[in-house]
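Shown next, in structure tokens, is the structure this report addresses.
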Amino acid sequence: MTRLSFSVGVAALFVIATAQAAELPESIKQAGTLRLTVNSTYAPMEYRDPTTNQLVGLDIDLANELAKRLGVKIVWSETPFAELIPSLQTKRADFIISGISDRGSRRETADFIDYLATGPQFFVLTENAAKSPIDLCGKKVGTTRSTSFPVEIEKWSKQNCEANGKPAVQYVPGENSIDVRNQLKQGRIDAAVQGSETLPYAQGQEAGKYRILGEPFSTGYQGIMFRKDDAALREVVTEHLAAMMADGSYKAILDKYGLGANAVAQPMMNASTQ
């Protein structure tokens, strides 16, 4: 067993061991509601259906199923990605499930229950001449500024471009994934980076528009984010998420969005090595 697989296994066992017979905090039980906020520009994780304008997506379905099992309703709100963590810290949200990556730098005041494998991936317009990621050295590459992707791009550039005497990737910030794709279509950037879980949906929505370059260039997990002092809520949600993984309802939701390959076997606490 590798060091990584061992640490992930320990994380998963910790979750299972601490999630037994958990109960909702009394304040949530009395209110009968969970207050959740999302950034609805990250399809297929969370987005507004272009036909109905309803809030939909993989995270929305997972949260709704969790709430059903918890016996509560969800009061949804929306916020820019950069405001997700502040909304948790200021208790405007009970937890965050909104395409947010588990990272060590985010664990000072929060814990993650990881539920989806992910990784940043380069893509270009179909007609772009680039054949592989190395062709992007010296090129303008856009991604959402408030995510972990700018740091991942810089790291990749140093290891693959600069270390081999090639010019560095030129990072160009965007407000969200929609803005980044628009910059790409307008010719303001040469390539872009999004989470691997979002690209099949983008390709399906704009057939023939985008081409993926290579595999995800780092690996990690998306997680449900809880305040560290909210262990009771974290444990009861984890217990029900584990039950969904065991009975197949979790996998059915992932399959609905074409992301069955991104499934994890069981919830894991703070398991990402990023």
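The values are calculated or read from the model by the stated rules, or taken from the named source; none is laboratory data. Everything numeric here is computed off the predicted structure, so don't read it as measured data. As a convention, Cβ positions derive from the backbone with ideal geometry for all residues, glycine included, and neighbour counts pool all protein chains shown. The area values use the complete protein model at the heavy-atom level, side chains included, leaving out ligands, DNA and RNA. Shrake-Rupley method; radii C 1.70, N 1.55, O 1.52, S 1.80 Å.
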**Asked** What is the pair-distance distribution P(r) of the chain, computed from all Cα-Cα distances in 10 Å bins starting at 0, with each bin given as a whole percent?
**Response** 7, 29, 35, 21, 8, 1, 0
**Prompt:** What percentage of the solvent-accessible surface of the chain, computed with a 1.4 Å probe over protein heavy atoms, is contributed by carbon and sulfur atoms?
**Reply:** 52 percent
**Request:** With a 10 Å radius around each residue's Cβ, average the other Cβ atoms per peptide and rank 195-203, 58-66, highest first.
**Result:** 58-66, 195-203
**Asked** Can you list the residues, at least 5 places off or on another chain, whose amide H is less than 5 Å from the amide H of Ile100, using H built in the peptide plane?
**Response** Gly223
**Asked** Which of the lysines could a cross-linker bridge to Lys131, judged by Cα under 19 Å and excluding same-chain residues fewer than eight apart?
**Response** Lys139, Lys140, Lys166, Lys185, Lys209
**Prompt:** Each residue of region 68-77 in turn: what ³J(HN,Hα) in whole Hz from Karplus with 6.51, -1.76, 1.60 and θ = phi - 60°, glycine and Pro shown as x?
**Reply:** 4, 6, 7, x, 10, 9, 10, 9, 8, 9
**Message:** Give me P(r) over region 119-251, computed from all C-alpha to C-alpha distances, binned every 5 Å, as integer percentages.
**Reply:** 2, 10, 17, 20, 15, 11, 9, 8, 7, 3, 0
**Message:** I'd like the distance separating the alpha-carbon centroids of region 188-206 and region 240-274, in whole Å.
**Reply:** 22 Å
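Could you check what % of the DSSP bridge pairs in region 121-274 are antiparallel, to the nearest 5? It would help to have the intermediate numbers written out before the result.
Details: 7 of 14 bridges.
Within region 121-274, antiparallel bridges account for around 50 percent of the total.
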**Prompt:** With θ set to phi - 60° and the Karplus curve 6.51 cos²θ - 1.76 cosθ + 1.60, what are the ³J(HN,Hα) couplings of region 161-168 in order, to the nearest whole Hz, using x for Gly and Pro?
**Reply:** 9, 4, 5, 10, x, 9, x, 5
**Message:** Relative contact order for the chain: what percent, with Cα pairs under 8 Å and sequence separation of 6 or more?
**Reply:** 31 percent
**Asked** Are there GluC sites (Glu not before Pro) in region 100-181 that DSSP puts in a loop and that have at most 12 other Cβ atoms within 10 Å, and which ones?
**Response** Glu108, Glu127
**Asked** Where the only charges are on Cβ atoms (+1 Lys, Arg; -1 Asp, Glu), what is the dipole of region 166-212 about its Cα centre, to the nearest 20 debye?
**Response** 220 debye
**Request:** List the residues whose amide H sits under 5 Å from the amide H of Leu116, counting only those 5 or more places along or on another chain, with H placed 1.01 Å from N in the peptide plane.
**Result:** Gln222
**Prompt:** Which listed residue (Asn53, Gln183, Gln274) has the Cα farthest towards the positive end of the charge dipole for the chain, taking +1 on Lys and Arg C-beta and -1 on Asp and Glu C-beta about the Cα centre?
**Reply:** Gln183
**Request:** Determine the dipole magnitude for the chain: charges of +1 sit on the beta-carbon of Lys and Arg, -1 on that of Asp and Glu, nothing else is charged, the reference point is the Cα centre, and the result goes in debye to the nearest 20.
**Result:** 520 debye
**Asked** How big is the gap, in Å, between the Cα center of region 101-119 and the Cα center of region 18-90?
**Response** 17 Å
**Prompt:** So what's the projected area for region 93-189, the Cα convex hull averaged over all directions, in nm²?
**Reply:** 7.6 nm²
**Fill in**
Heavy-atom accessible area per residue of the chain, all protein chains kept, 1.4 Å probe, expressed in Å², is 45 Å²
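With each run of n ≥ 4 DSSP H residues scored as -39500 (n - 2.57), what mean residue ellipticity at 222 nm is computed for the chain after dividing by its residue count and rounding to the nearest 500 deg cm²/dmol? If you can, show how the numbers build up before the last one.
Numbers: 9 runs with 94 residues, N = 274.
The helix contribution divided over the chain gives -10000 deg cm²/dmol.
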**Fill in**
For Lys251, counting only aspartates and glutamates whose alpha-carbon sits under 20 Å away and dropping same-chain residues fewer than eight positions off, the answer is Glu46, Asp59, Asp61, Glu65, Asp114, Glu197, Glu239
**Item:** Dipole in debye (nearest 20) - region 180-274, about Cα centre, beta carbon charges: Lys, Arg +1; Asp, Glu -1
**Value:** 460 debye
**DSSP bridge orientation in the chain - percent antiparallel, rounded to nearest 5** = 65 percent
**Request:** Count charges around Asn182 for me, please; just the other residues with Cβ under 11 Å from its Cβ, Lys/Arg as +1, Asp/Glu as -1.
**Result:** +1
